[in-house]
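Read the structure below first, then the notes.
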Amino acid sequence: MRVLIAEDHALLRDGLIRLLEAHDFTVVEAVDNGPRLVPALVEHRPDVAVVDVRLPPTFTDEGLKAAIEARRQVPGLPILVLSQYVEQLYARELLTGGGGAVGYLLKDRVSNVAEFLDSVRRVAAGGTAMDPDVIGQLLARSTRDSPVTRLTPRESEVLGLMAEGRSNAAIAAALFVTEKAVSKHTNNIFAKLDLPPSEDDNRRVMAVLTYLSSR
């Protein structure tokens, strides 16, 4: 699997390269600034890009803007964004592009190697990988009249796990319930959010996340 990395901190950048290459990924390029990122993404069209939100020269949102622009030029380009903090605006901008194959993780998650690698592979496969803290803040910021307030506490839990990219089986295991119960909860979630059910799990998750991010 071909990966492009965008990270300005040399130690983390080198660490990501070593980690990914040790697990059979091929790093096609590692850039350390925003201006180089878009041309690199368009040139290489990697299977997935791991991108820091904040890059030189201003250390604000160059990484995110470059990722969004690259996805505009190459629709569906898989992007996994890394950020030091939960920044709702960035998460919202990333999600509103639609199309799946996106992720937003806090950098702390990289220390959990198995979880990080699973997120990289999931995004490369067209899925989503959203940090639980990001999901929590998106849910928390929902307004009083938002349909999200119609959800029961259990349905909110299921929604958060869906947003992380977990399958029904994984959600059932995490909540110690049956897959049938999870299926019932997901059907209720979509009914309460006025979102039509779909056979495509990723499309359903993205529909929920996009809806939440627009509140």
Considering residues that are open to solvent by less than 10 Å² (accessible area, probe 1.4 Å), in contact (Cβ under 8 Å) with a residue 40 or more places away in the chain and more than 16 Å from A129 (Cα to Cα), the number found within the stretch 149-195 is 1
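Could you identify the single residue in V51, V31, V38, V27 that is surrounded by 14 or more Cβ atoms within 10 Å (Cβ to Cβ) and within 19 Å of G127 (Cβ to Cβ)? Even if it seems obvious, please write down each step before you answer.
Working: V31 fails: within 19 Å of G127 (Cβ to Cβ); V38 fails: within 19 Å of G127 (Cβ to Cβ); V27 fails: within 19 Å of G127 (Cβ to Cβ).
Going through V51, V31, V38, V27 in turn, just one is surrounded by 14 or more Cβ atoms within 10 Å (Cβ to Cβ) and within 19 Å of G127 (Cβ to Cβ): V51.
From the list V148, V120, V134, which residue is at pLDDT below 90 and touching a strand residue (DSSP E or B) at 6+ places or on another chain (Cβ under 8 Å)?
Details: V148 fails: touching a strand residue (DSSP E or B) at 6+ places or on another chain (Cβ under 8 Å); V120 fails: at pLDDT below 90.
Only one candidate qualifies: V134.
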If we keep only residues of the stretch 169-197 that are under 15 Å from T152 (Cβ atoms) and assigned to a loop (DSSP other than H, G, I, E, B), then the residue farthest from the chain's Cα centre (by Cα) is V177
Among (1) out of contact with any Ser or Thr (no Cβ under 6 Å at 6 or more places or on another chain); (2) open to solvent by 70 Å² or more (accessible area, probe 1.4 Å); (3) at pLDDT 95 or above; (4) not hydroxyl-bearing (S, T, Y), K65 falls short only on (3)
Checked against (1) closer than 26 Å to L19 by Cβ; (2) open to solvent by 20 Å² or more (accessible area, probe 1.4 Å); (3) modelled with pLDDT of 80 or more, A129 satisfies every condition except (2)
Expected output for the stretch 1-19 (first residue of a type outside the set (A, V, I, L, M, F, W, C), partner part of a strand (DSSP E or B) and surrounded by 15 or more Cβ atoms within 10 Å (Cβ to Cβ), Cβ below 6 Å, 6+ apart or cross-chain) is R2/V28; E7/D52; R13/A30
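Take L55 and decide whether it is farther than 18 Å from L117 by Cα and in contact (Cβ under 8 Å) with a residue 40 or more places away in the chain.
On the way: farther than 18 Å from L117 by Cα: yes; in contact (Cβ under 8 Å) with a residue 40 or more places away in the chain: yes.
Taking the combined requirement at face value, the residue satisfies it.
With the requirement that a residue be surrounded by 15 or more Cβ atoms within 10 Å (Cβ to Cβ) and either of a type in the set (A, V, I, L, M) or modelled with pLDDT under 95 (or both), what does the stretch 9-24 give you? Walk me through it before giving the result.
Filtering the stretch 9-24 down to residues surrounded by 15 or more Cβ atoms within 10 Å (Cβ to Cβ) leaves 12-13, 16-17, 19-20.
Correct list: L12, L16, I17, L19, L20.
The values are calculated or read from the model by the stated rules, or taken from the named source; none is laboratory data. Note that the structure is predicted; figures quoted are calculated from it, not measured. Cβ coordinates were reconstructed from backbone atoms using ideal geometry, including for glycine residues, and neighbour counts include every protein chain displayed. Note: accessible area is taken over every heavy atom of the protein model, side chains too, but ligands, DNA and RNA are not part of it. Shrake-Rupley method; radii C 1.70, N 1.55, O 1.52, S 1.80 Å.
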